[in-house]
1. Go through segment 79-106 residue by residue and tally those that are open to solvent by 20 Å² or more (accessible area, probe 1.4 Å) and touching a strand residue (DSSP E or B) at 6+ places or on another chain (Cβ under 7 Å).
2. For segment 183-226, enumerate the residues that are in contact with a Lys or Arg (Cβ under 6 Å, 6 or more places away or on another chain) and either basic (Lys, Arg) or closer than 19 Å to GLN157 by Cβ (or both).
3. Could you go through segment 143-152 and let me know if any residue there is surrounded by 15 or more Cβ atoms within 10 Å (Cβ to Cβ) and either part of a strand (DSSP E or B) or at pLDDT 60 or above (or both).
4. With a cut-off of at least 1 residues that are over 30 Å from ALA201 (Cα atoms) and modelled with pLDDT of 50 or more, name the strands (runs of 3 or more DSSP E) lying wholly within segment 1-103.
5. Just the residues that are over 30 Å from the mean Cα position of the chain (by Cα) and either open to solvent by less than 90 Å² (accessible area, probe 1.4 Å) or acidic (Asp, Glu) (or both), please, taken from segment 107-133.
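The values are calculated or read from the model by the stated rules, or taken from the named source; none is laboratory data. Computed from a predicted structure; not experimentally measured. Quick reminder, even Gly has a Cβ in these numbers, built from the backbone with ideal geometry, and neighbours come from all protein chains shown. For accessibility, only protein heavy atoms count, side chains too; no ligands or nucleic acids. Shrake-Rupley method; radii C 1.70, N 1.55, O 1.52, S 1.80 Å.
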Amino acid sequence: MELLVPTLIFAFGLLVVWFLLRRNMQARKAALGVTDKKKIGTDDGIAVHDRPRPKVVSFHVRNDVAEVTFDVPLPEDGADGVMQDLLVAEALEVVREKRHSLPISQVAKVTAFAGRGGTPVKVGTMELPTRGELPPPVVAAPQLHLGHVGYDPIDAQFAGESEVPSTVTKSRSDTLGPIGVELRIPKAVEVGLRGQGIDPADMNSGQLVSGLLRLFGYAVVDGTAPGTYSASKGGSLTFVREVAHDPNGSPELDEKDMRTFLVDFIASKADRGLLVSDKYGPFSVYQMEKSEPRIQFVTRERLQKFVDALALN
């Protein structure tokens with residue numbers, strides 16, 4: 001009995017500590033607008049979708065064909081085999097979700113269409129083994145979820161020594177075009193971006209980084225202030241601010257925007273902070289990162305290195 005009382009007190013103390021830690025984490029998530037993974041239930045079980053999905057434009061059943069159209073920008077030479085497999089698999093999942101509200105007993109084929117700014121293009125068709133019966137669900141299409149890959153875009157950004165912005169200005173253009181034109185993007189990443197509705201040819205750095213975070217299993221939620229969002233994964237919260245480039249403005253990141261980002265990051269109480277911009281970074285970027293190791297600047301001259309790490313993993 002003498003040992004039981006101290007043991008109970010110790011156990012109660014651990015419970016109180018756990019409760020306080022859990023409440024603190026929930027409060028931090030609420031402050032950044034972070035939600036838990038969305039669970040989507042089906043008759044075949046419950047699958048946790050922590051991946052982005054292509055936006056559905058329309059769904060129709062014509063005779064014995066279920067047609068699903070996605071808002072996915074296709075390459076100029078059309079969808080390749082990887083994109084075809086991805087969108088057909090996603091079309092099957094759309095039909096699976098619709099089958100409780102729409103009759104599909106006579107459906108023998110599922111066809112995926114995609115495109116943007118014109119007539120949708122037929123991407124691929126799958127014949128069902130039996131009319132009205134769908135194959136087992138795909139829990140996560142690999143092309144839209146790379147969380148199983150060891151590489152983590154934010155962890156890699158904070159690992160090692162920060163790259164010092166170049167002091168050579170003659171190679172910098174005063175006119176900044178779409179960042180996607182300048183970057184070499186791995187095929188799997190390109191497919192994943194297009195699947196999210198992001199066209200690599202005319203995307204900006206903010207779309208690139210947020211798309212990559214979603215691909216690698218981050219929950220990305222818009223922040224309360226314009227141009228901000230939070231990225232959550234594994235209990236870690238990252239505050240992200242995008243500084244857009246004005247065609248009539250300077251091609252170099254303004255130090256005022258840098259200071260504002262730092263203040264907002266500290267106020268967010270996030271674990272880490274990223275400032276993302278199509279603009280070039282001044283030398284003071286390196287100095288600010290050195291004084292506050294929890295922040296990083298993903299500016300124009302750093303984006304290729306950011307993407308190159310994907311190709312090596």
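1. Result for segment 79-106: 4.
2. Selection gives GLY217, TYR218, VAL220.
3. Yes, the conditions are met somewhere in segment 143-152.
4. 56-62, 65-70
5. VAL107, ALA108, LYS109, GLU127, LEU128, THR130, GLY132, GLU133, listed by residue number.
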